[in-house]
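What follows is a single structure, written as structure tokens, with notes after it.
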Amino acid sequence: LARVLLHLGRLRAGPLEDIEGAVAAYRRALELEPELREAREALAGLLVHRPDEWDEAEARHVELLREDPTRAASIRALARIARERGRPDEAAGGLALLRSLGAASPVERRVAPERLPFALATKAVLDDPAWETLRLLVQEAGPALAEALGASRRPEGPAGEDPLRRFRDARLAATGELAAPALLPLPEDELRQVLRILARLSHEEETVHGEAQLVNAIGNALGRRLRRRLRRVLGEMPLAALESVDVMAWRRALRDLGAAVAVDRTDGDLRAALCAMLAEESAAEISGLPEEADLTPWVRECDAARRLLARALEAWRERGGHGRGGIEHG
């Protein structure tokens, strides 16, 4: 019956030009089958044309973007509502997102900003309290960890004019600053061991498991004064919470945050960031694409690029005063 109502809604919205009847049919279909995506998309699209129901339209389009951040139709709908409601800056941000994706129409492209007119990382923190505490511990102990691991400072060359290289360099630098540059090249097992040793030493645990040479090197490098600072960073965070952190998920979140900071540092060049991420994952497929190519199919399949786009959507909505409808990027 839900499918029958879906087709009835399409008939009413199309040849019969009965928008009221179409909306009623889609609502009834969703009562019967709440996850019927075609009905959800169709209802959200129709509500954009009904000013009295713009709040619901926004909520429905935000929900669709949570599931698929590359859904250009929803970005376009939210930008249109923002414009009609007298929020030109928010509307311009939506057009900038469409342009970055390569999904803007010729008319939209002519008026869309080339770069994002809002920041992605106004608060450069990780959402999970244990993850953020671990990040702050690593950041505070960064120089000591570099000494313990025998890491040498990597010389920074000029970024050049290539936008993709500028983003990559900015992301590497930002990720190192958010935590500790010495940890960036470590393989998973060694990173996990270093973080566990640091957490236990910061908590002044008597038993510290790990390779003896590494435990001694980190312990000697920390020193008494630094350990006092680390205890202040810890606050009330229990050791068990730090030791239960999924290290690879933590590293991924750190890199995602570094990517967001890098977009801000490259003047909001989201297009270059997305292209750089796609090139790293599928260089053969995107090489030779036209400058204005639609990146949507590739971004949808690239986890890192999709998460960055979702963060950009969330920042856009928060800037527009609709934080309650933020688009998650976990």
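Between the range 252-280 and the range 122-144, the C-alpha centres lie 19 angstrom from each other.
Based on protein heavy atoms only, the range 47-105 ends up with 38 Å² per residue of surface accessible to a 1.4 Å probe.
Helix content alone sets the calculated 222 nm mean residue ellipticity of the chain: runs of n ≥ 4 DSSP H residues at -39500 (n - 2.57) each, divided across all residues, give -21500 deg cm²/dmol.
Counting every alpha-carbon pair across the chain, the share separated by more than 38 Å comes to 30%. For the range 29-48, the residues whose amide N sits under 15 Å from a probe point set 7 Å from the Cα of LEU1 along the beta carbon direction are 29-34.
Measuring between their Cα centroids, the range 44-75 and the range 213-238 lie 49 Å from each other. Taking the accessible area of the range 210-250, probe 1.4 Å, and keeping the other protein chains in place, the carbon and sulfur fraction comes to 46%. Applying 1/(1 + (r/R0)^6) with r as the Cβ-Cβ distance of VAL107 and VAL247 and R0 = 56 angstrom yields a FRET efficiency of 0.75.
The values are calculated or read from the model by the stated rules, or taken from the named source; none is laboratory data. This one's a predicted model, so the numbers in the text were calculated from it and none came from an experiment. Glycine gets a Cβ as well: all are built from the backbone with ideal geometry, and neighbour counts include every protein chain shown. These accessible areas exclude ligands, DNA and RNA; they are computed on the full protein's heavy atoms, side chains included. Shrake-Rupley method; radii C 1.70, N 1.55, O 1.52, S 1.80 Å.
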